[in-house]
Amino acid sequence: MALPKVVADGPLAPLVEQLLAGQVELLPWSVAEAGTTATIDGLYTYGHPLVDGAMLDRLPGVRVVSNYGVGVDHIRLADAAARRIPVGNTPGILDGATADMAFTLLLAAARRLIEGDRYARGPAFLRYDPGYMLGVEAHSQTIGIIGMGRIGRQIAQRARGFDMRVVYHNRRRDEASEQRFDAQYFPLDDLLAASDFVVLSVPLTDHTRGLIGARELRRMKPTATLVNVARGPVVDTAALTTALQERWIFAAGLDVTDPEPLPRGHPLLACDNLTIAPHLGSATEQTRRKMAEMSVTNLLAGLANQPLPFPVR
Ligand code: DGY
């Protein structure tokens with residue numbers, strides 16, 4: 001019997017290829033972007049390629065979209081729902097890894113680790129000087145978490161281990177987290193003004209796009225650090241560049257940017273108070289394995305016209 005045909009954007013990780021071997025026939029993403037064909041059964045999104053109604057109309061045979069990752073801002077969910085196409089993602093298993101990354105960036109930015117690393121390897125480091133590269137403390141400071149969802153809660157838990165005071169902003173109050181982390185709910189402007197570290201862990205939606213712009217950065221303390229492990233477009237890149245250049249804030253730690261990647265030579269990349277990673281939030285062996293397994297399970301369920309075990313909610 002012929003295998004179901006699946007269009008995927010790749011190159012895919014070897015584990016994903018292995019899990020799909022003998023189960024589906026893989027075709028390149030260019031097939032989804034080209035003309036109309038009714039012979040495609042499923043879409044597998046590995047990076048963040050756009051999936052919209054126009055694409056789904058060109059591929060009327062598609063009966064599932066499976067995403068390798070939890071964020072689905074690149075998939076027009078309403079368009080898929082209107083065509084009764086289920087969309088799956090990988091929630092719940094990457095929260096710990098992403099919260100670890102938030103703290104990695106927070107500590108590295110606060111303690112100027114990347115600058116220090118470069119200096120320690122370079123020719124200028126000839127003697128210890130108690131006066132150089134002073135950072136700011138993380139322990140016992142106030143952390144403002146914007147987005148107290150699954151990842152936000154893991155960040156709060158780590159913050160408590162650093163004796164930090166936790167304040168948060170969310171669409172809805174989360175009384176369980178308030179109790180568990182002794183956290184206080186703040187309106188956004190109050191959180192920005194009160195926090196030593198502002199950490200973004202919200203999904204990208206119409207509501208969160210551009211949430212942090214010049215006005216918000218101006219409200220932050222000059223000693224504060226902004227950490228983004230959400231999506232690049234939550235922050236206005238031009239405003240952040242000016243804020244770091246003109247030292248409106250102390251530092252930023254970014255796992256994501258807008259655009260991503262930033263064009264080489266972008267002025268944000270020249271800021272010495274920026275710590276940046278290439279979207280590594282969930283990039284551990286253990287988490288990426290689970291993401292591969294869940295996304296392939298979703299894909300195969302959809303191709304078999306079964307309910308997806310991990311549908312986007
Ligand atoms: C996620 O799971 O959303 C990661 O950012 C990878 O897309």
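In a Gaussian network model over the chain where Cα atoms closer than 10 Å are linked, find which of Ala193, Ala38, Ala214 has the largest mean-square fluctuation.
Its mean-square fluctuation being the largest, the pick is Ala38.
For Arg264 and Ala78, calculate 0.36 nm times their separation in residues minus their Cα-Cα distance, and state this gained length in nm to one decimal.
63.5 nm
What are the residues whose amide H is under 5 Å from the amide H of Val227, where those residues sit 5 or more places off or on another chain and H is modelled from the backbone?
Residues meeting the criterion, in which the H sits 1.01 Å from N, are Val198, Val199, Leu200, Gly253.
For the chain, calculate the relative contact order in percent as a whole number, restricting contacts to Cα pairs under 8 Å that are 6 or more residues apart.
19
Relative contact order (percent) for the stretch 94-226, with alpha-carbon contacts under 8 angstrom and 6 or more residues of separation?
25
Using a probe radius of 1.4 Å on heavy atoms only, what accessible surface per residue do you get for the chain? Whole Å² is fine.
49
Taking the convex hull of the alpha carbon atoms in the stretch 165-313, what volume per residue do you get, in Å³?
152
For the chain, divide the Cα radius of gyration by the Kirkwood radius and give the resulting Rg/Rh value with two decimals.
Rounded to two decimals, Rg/Rh equals 1.02.
Provide the gained length on full extension for the span His207 to Leu126, in nm with one decimal, where the gain is 0.36 nm per separating residue minus the Cα-Cα distance.
24.1 nm
State the percentage of accessible surface on the chain attributable to carbon and sulfur atoms; use a 1.4 Å probe and exclude ligands, DNA and RNA.
53
Based on the Cβ-Cβ distance from Arg118 to Thr39, what FRET efficiency comes out when R0 is 41 Å, to the nearest 0.05?
0.20
If you stretched the chain out fully between Ser30 and Asp190, how much longer would it get, using 0.36 nm times the residue separation minus the C-alpha to C-alpha distance?
Gain in length upon complete extension: 52.9 nm.
What ranking do 242-255, 175-188, 51-64 get when scored by the average of other Cβ atoms within 10 Å per residue, highest first?
Per-residue Cβ counts within 10 Å, averaged per peptide and sorted highest first, yield 242-255, 51-64, 175-188.
Quick check: convex hull of the Cα atoms in the stretch 208-247, volume per residue, rounded to a whole Å³?
61
Taking the simple approach of a point 7 Å from Cα along Cα-to-Cβ for both Ala21 and Ala238, what is their distance in nm?
5.0
Using the beta-carbon distance between Ala2 and Ala176 and R0 = 45 Å, what value does 1/(1 + (r/R0)^6) give for FRET efficiency, to the nearest 0.05?
0.35
Which of Leu126, Leu200, Leu226 moves most in a GNM of the chain, Cα contacts under 10 Å?
Result for the chain, Cα springs under 10 Å: Leu126 fluctuates most.
What number, in percent, do you get for the relative contact order of the stretch 201-313 if the mean sequence gap of Cα pairs under 8 Å and at least 6 apart is divided by its residue count?
21
Which ³J(HN,Hα) values, rounded to whole Hz and listed in residue order, are derived for the stretch 27-44 from phi using the Karplus coefficients 6.51, -1.76 and 1.60 in 6.51 cos²θ - 1.76 cosθ + 1.60 with θ = phi - 60°, glycine and proline given as x?
Karplus-based 3J(HN,Hα) across the stretch 27-44 equals 10, x, 4, 4, 5, 6, 8, 8, x, 6, 8, 8, 8, 8, 9, x, 10, 10 Hz.
Measuring from centroid to centroid over Cα atoms, what is the spacing of the stretch 150-166 and the stretch 21-35 in Å?
Centre-to-centre (Cα) distance: 42 Å.
The values are calculated or read from the model by the stated rules, or taken from the named source; none is laboratory data. If you're wondering where the values come from, they're calculated on a predicted model, not measured in any experiment. A quick note on method: Cβ atoms are made from the backbone with ideal geometry, for glycine too, and the neighbour counts reach across all protein chains shown. Please note that ligands, DNA and RNA were not included when accessible areas were found on the heavy atoms of the full protein model with its side chains. Shrake-Rupley method; radii C 1.70, N 1.55, O 1.52, S 1.80 Å.
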